Amino acid sequence: MSHLSERPANPVVGQEIPHESAALHVTGAALYTDDLVMRTRDVLHAHPVQVPHAHARVTALRTQPALAVPGVVRVLTAADVPGVNDAGVKHDEPLFPSEVMYFGHSVAWVLGETLEAARLGAAAVEVDVEPLPAIIDVKDAIAAESFQGAQPRVERGDIEAAFDAAAHVFSGEFEFAGQEHFYLETHCALALVDENGQVFVQSSTQHPSETQEIVAHVLGLASHEVTVQCLRMGGGFGGKEMQPHGLAAIAAIGSRLTGRPVRLRLSRTQDMTMTGKRHGFHSQWRVAFDADGRLQALDATLTADGGWSLDLSEPVLARALCHIDNAYWIPNARVNGRIARTNKTSQTAFRGFGGPQGMLVIEDILGRCAPLLGLDPASLRRRNFYGPGQTTPYGQPVRHSERLAAAWDAVTRTGDLDRRRAEIEAFNAEHPDTKRAIAITPVKFGISFNLTAFNQAGALVHVYKDGSVLINHGGTEMGQGLHTKMLQVAATSLGVPLSRVRLAPTRTDKVPNTSATAASSGADLNGGAVKNACEQITDRLRNVAAGRLGVHPSDVRFGADRGGIISAIGGTGELIPWDELVHQAYFQRVQLWAAGFYRTEGLHWDSATMHGSPFKYFAYGVAATEVEVDGFTGANRTRRVDIVHDVGDSLSPLIDIGQIEGGFVQGAGWLTLEDLRWDNSDSPTRGRLATQAASTYKLPSFSEMPEEFNVTLLEQAHEDGAVYGGKAVGEPPLMLAFSVREALRQAAAAFGPQGTSIDLASPATPEAVFWAVEEARAAASGQPDDGHVTASSNGDHGVVPVQPHGPARHPESERVVGRQAVEPAGVRP
Amino acid sequence: MTRITVNVDGTKYSDEVEPRTLLVQYLRESLGKTGTVIGCDTSNCGACTVHLDGTSVKSCNMLAVQADGHEVTTIEGLAKNGELHPLQTAFHECHALQCGYCTPGMIMQSCDLLKNNPDPSEQEIREGLEGNLCRCTGYQNIVKAVQQAARQGKESGQQSGQGDADGNPVDLNEAEQTVGATS
């Protein structure tokens, strides 16, 4: 078999091709889960009974009134669960709770002949509750010591000695918001039972194997009695990694009890009020620099706002701790993490998975400290880049760190930054009420699931007698182009034209025990498995061809001219068409299909000590963004963005650039527009999500597009540890949007005197930018501003962050609940 | 229940609907036109955009009874005689989609935009599509696709001279064609 990253001549990978489903999307023929309802007979519709309290004990649940509503067929409650009443893997997430843990928590589900009947039935269900005190804000949770799960720590070097010796010490706090996924397709599941009570669930899920596992444990079935299929998703972004499972289980229970198909599709408001979001974080930090502005030490305590249950909060926190360094060498570090339990939705995976949160903390620190150090923020960032041979605080060598500088220099050059900075200086001098700024920020993002076990994948490749090829793999398609890349990998490995390969939907009965399509790893893992399966087949065909061509099998070549032609080095010059060779192999009784497998080599990670090399490689990128801020309102626009991003040798350039553009805009949304507001008053609606529709939750639209947007791929970026030399691209570009936030900070600072440090809220909405501008103006009017950073000197060690004392790892932190017993296994990274 | 008669994608349908039925529910649930999808429920995202007598409307923001006696074109009726509309081709070629969920609405809105302004500037495209949300692409390629379709429309309009008064080559008001009713 060939080396993993080596490309044959004329590969189909690397070609610019559009999305494999594009023809279906532009004609409306592409099917999403809810479209299947119209093709299914006698479907029942499920509607939740949501309780309007942030925290309350259920004292009575009367379902009888619902059954009197015409069209209501059944009400599902905890009594209907034949297996485990749990929607997750940690036994802290009851599917039908007896205690309401957040505003809008559903305690029962009503099945109706129509959605309207189910809705009226749900409204008729009577729920008596005893309200309990509710914690909404993360700071209140910290004060009340309301925590859950593990409290890990990443530690390196001698913190106290570093603070002793430091020329500059600063301390501060920073709290920032989460983000709603707002995939355009809301959660949806459609469950059926077959003749023998076996369950088939079609679900909009990023993790069909875990949906299968949860449905099985809720129903008290073995996994082989449950099949889950995902045709495609209308966006996922991490929001469909854990959250679909309980919803699929509800549909499955309903289907088992009624014998009829059950559809569960959340309305937008249900989706926003019931399902988890990106974690907001609180951070407390102190940082030490030497006289030249080089980072000497970081001491930080991060508190993730986990919501009511753990979900994926522990691995999200782990990734946050592993990314607080971003691109910077920090010789001494102590980073603690803990998870607040609050009465909100259970926060979950979202593109970047804690990485953006960890990186935001260090970028905020650098943005606030640069003026206090008397340095230009770009210069401060650049001088702290990782150098050759240096390792992360958790002990992983930073391979290819020179790509940071390469991308930085490329952006500086192609973005013409020096000239534009001079122009901006002149512009700002002439415009007292409008200021511009350019910020440039780097990204380093670790690729692989932190938890080593998840870094495996499977594929099933069939070659039919006519030479056509059908592939299945364990990854799901949510728009990111994974299927497109997998088709390219298969065509390249088999040496056939792309048109000969078709891809079938993701199903747990085709490829078992899959990992979530998450952590940007879909193409690396599943591509490795597809390639492995294809090469098993070509190795068998190689022998058939060698016999016919009269050459040694190793001299047989597949895929000449991308045309599905088999040739040989030496020999007679005879060429064999692919279809003919396949046909001949069949008659020689040669197996024409194969199951492929891939495991990422060279990973190790100890989650108790938070030490090891959990990532196969790092993806790098740099962005420079220019903004203009209006001093009267804080309104702003993004004038220009320049990005150079490292995707290795791109498997599919059109797809990859699309991911970079989309990730950047989504990141800019998180940091500058999207404003989740929970009611934290003491009114009866305490804990209610006030922004529960697109009418109140501002998403990036055409209006916020950068006026000029230049994206290029880093050159000479081959990655020899990944399939065909490409790199993961799903998550890393999101964090390029730090450049927007930092540019807004710098533009706000320009309203004040030189050296003004600005404390900018996140999201940096126009309102927040306005207050930042006011902060700068206050500094200009003689009130010195320190950006709420405490500067220390004369050997003062700064304000030491709270040092949590919980266990670094809970016994349950890395266990998955099986059907009957708790078995050692894994949770996600 | 109220009886409505609607021409959808060139086929005449006559159905009993509840007065409260939204046009998008009627299209999806009664006619099986699942190419038109529901994104936000609050008329912000535009995923459900269709044409009513050739003009774009958000079908979640309109009752089925309001379409009585009118012509509705959905994404499924945009291609003519097996030939894709230039916008469909452009969205495909320019990779102006990822998950594809916003695509039908985005194309239908772009169609309306080009009908009113066959040669829009980049700014006019952005403003014209402002009522449609995409969570995946960052919009760059969508703007490029509309530009490409506009270019192509201009060229073919100039070559064939078959465009309308505005130079728009695409006739969206298909001839009425009665095939049958669903009830």
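Each reported figure results from applying straightforward, stated rules to the coordinates on display, with no laboratory input. Note that the coordinates shown come from a computational prediction; the quantities given were computed from them, not determined experimentally. FYI the Cβ positions are ideal-geometry reconstructions off the backbone, even for glycines, and counts take in every protein chain you see.
Scan around A:TRP593 for amide H atoms under 5 Å from its own, H built in the peptide plane at 1.01 Å from N, and keep only partners 5 or more places away or cross-chain.
A:VAL463
Apply the Karplus curve 6.51 cos²θ - 1.76 cosθ + 1.60, θ = phi - 60°, to the phi angles in the stretch B:45-51 and return the couplings in whole Hz, x for Gly and Pro.
Along the stretch B:45-51, the couplings run 9, x, 4, 9, 4, 10, 9 Hz.
Let me see the pair-distance distribution of the stretch A:216-285: every alpha carbon pair, 10 Å bin width, integer percents in order.
14, 43, 28, 9, 4, 1
Over the stretch B:2-75, with a single point scatterer placed on each C-alpha, what log10 of the ratio I(q)/I(0) does the Debye formula yield at q = 0.12 1/Å?
The computed values of log10 I(q)/I(0) come out as -0.25.
Which value, in debye to the nearest 20, describes the size of the charge dipole of the stretch B:42-125 about its Cα centre when Lys and Arg Cβ atoms bear +1, Asp and Glu Cβ atoms bear -1, and nothing else is charged?
Dipole size: approximately 180 debye.
Straight-line reach from A:LYS485: which aspartates and glutamates fall under 15 Å, measuring Cα to Cα and dropping same-chain residues less than 8 apart?
A:GLU16, A:GLU20, A:GLU477, A:ASP524, A:ASP649, A:ASP656
Considering only the other residues whose Cβ falls under 14 Å of the Cβ of A:THR33, what net charge follows from Lys and Arg at +1 and Asp and Glu at -1?
Residues close to A:THR33 contribute a combined charge of +2.
By counting other Cβ atoms within 10 Å of each Cβ, how are A:HIS181, A:HIS19 ranked from fewest to most?
Lowest to highest Cβ neighbour count: A:HIS181, A:HIS19.
Report the Cα centroid-to-centroid distance between the stretch A:263-315 and the stretch B:66-82 in angstrom, as an integer.
Cα centroid of the stretch A:263-315 versus Cα centroid of the stretch B:66-82: 46 Å apart.
Please order A:THR205, A:THR638, A:THR412 by the number of other Cβ within 10 Å, starting at the fewest.
Going from sparsest to densest Cβ surroundings: A:THR412, A:THR638, A:THR205.
Given bins 5 angstrom wide, list per bin the percent of all Cα-Cα distances in chain B, short to long.
1, 9, 17, 21, 20, 14, 10, 6, 2, 0, 0
Would you grab the residues whose amide H sits under 5 Å from the one on A:TRP308? Only those 5+ places off in sequence or on another chain, please, with H modelled 1.01 Å from N.
Excluding prolines and chain starts, which carry no amide H, the hits are A:THR342, A:LYS344, A:SER346, A:GLN347.
Given the rule -39500 (n - 2.57) for each run of at least 4 DSSP H residues, summed and divided by the residues of chain A, what is its mean residue ellipticity at 222 nm, to the nearest 500 deg cm²/dmol?
Helix-only estimate at 222 nm: -8500 deg cm²/dmol.
If you add up the charges near A:PRO97, with Lys and Arg at +1 and Asp and Glu at -1, over every other residue whose beta carbon is less than 12 angstrom from its beta carbon, what do you get?
Counting the neighbours of A:PRO97, the net charge comes to -3.
Quote the convex hull volume per residue of the stretch A:94-222, based on C-alpha atoms, as a whole number of Å³.
Dividing the Cα hull volume of the stretch A:94-222 by its residues yields 229 Å³.
With a/c under 1.5 counting as rounded, go ahead and sort the protein assembly as shown into rounded, prolate or oblate using the C-alpha gyration tensor (a ≥ b ≥ c being the square roots of the eigenvalues; past the cut-off, prolate if a/b is larger than b/c, else oblate).
rounded
Give me A:PHE174, A:PHE350, A:PHE587, A:PHE618 sorted ascending by neighbouring Cβ count inside 10 Å, so fewest comes first.
Ranked by crowding around the Cβ, least crowded first: A:PHE587, A:PHE174, A:PHE618, A:PHE350.
When Cβ neighbours within 10 Å are restricted to other protein chains, what is their mean count per residue of peptide A:34-43?
For this peptide, the per-residue mean of nearby foreign Cβ atoms is 2.
Distance between Cα centroids, the stretch A:665-714 to the stretch A:160-205: provide it in whole Å.
Cα centroid of the stretch A:665-714 versus Cα centroid of the stretch A:160-205: 16 Å apart.
Please list 3J(HN,Hα) in residue order for the stretch A:483-491, calculated via the Karplus relation 6.51 cos²θ - 1.76 cosθ + 1.60 where θ = phi - 60°; whole Hz, with x for glycine and proline.
After applying 6.51 cos²θ - 1.76 cosθ + 1.60, I find 4, 4, 5, 5, 5, 5, 5, 5, 4 Hz.
Binned at 5 Å from 0, what are the whole-percent values of the Cα-Cα distance distribution for the stretch A:709-766, short to long?
In order of increasing distance, the bins hold 4, 13, 17, 16, 12, 10, 9, 10, 6, 2, 0 percent.
What Rg and what Dmax come out for the stretch A:501-658 when only alpha-carbon atoms are used, in angstroms?
Gyration radius and largest Cα-Cα distance of the stretch A:501-658: 23.9, 81 Å.
Using alpha carbons only, how many degrees (0 to 90, rounded to 10) separate the axis of helix B:140-160 from the longest principal axis of chain B?
For B:140-160 against chain B, the angle is about 80 degrees.
Under a 5 Å amide H to amide H cut-off, with H placed in plane at 1.01 Å, what residues pair with A:GLY88 once short-range neighbours are removed?
A:GLU93
How big is the antiparallel share of DSSP beta bridges in the stretch A:171-321, given as a percent to the nearest 5?
85
Please give me the summed charge of the neighbours of A:TYR586: other residues whose Cβ is under 12 Å from its Cβ, Lys and Arg +1, Asp and Glu -1.
In short, 0.
When you count, for each residue, the other Cβ atoms within 10 Å and take the mean per peptide, how do B:53-60, A:107-114, A:657-664 rank with the highest first?
Descending mean neighbour count gives A:657-664, A:107-114, B:53-60.
HN-Hα J couplings of the stretch A:71-88 from phi, Karplus 6.51/-1.76/1.60, θ = phi - 60°, integer Hz, Gly and Pro as x?
Here the 3J(HN,Hα) series is x, 7, 9, 6, 10, 9, 9, 4, 5, 8, 7, x, x, 9, 7, 8, 8, x Hz.
State to the nearest 20 debye the size of the charge dipole of the protein assembly as shown about its Cα centre, where the only charges are +1 on K and R beta carbons and -1 on D and E beta carbons.
1900
Per-residue mean of other chain beta-carbon atoms within 10 angstrom of the beta-carbon, peptide B:85-97?
Across the residues of B:85-97, the mean count of other-chain Cβ atoms within 10 Å is 5.
Can you list the lysines whose alpha carbon sits under 28 Å from that of B:LYS80, skipping same-chain ones fewer than 8 residues off?
Cα-Cα hits under 28 Å: B:LYS12, B:LYS33, B:LYS58, B:LYS115, B:LYS144, B:LYS154.
Considering only C-alpha atoms, what is the centroid distance from the stretch A:429-497 to the stretch B:120-147, in Å?
24
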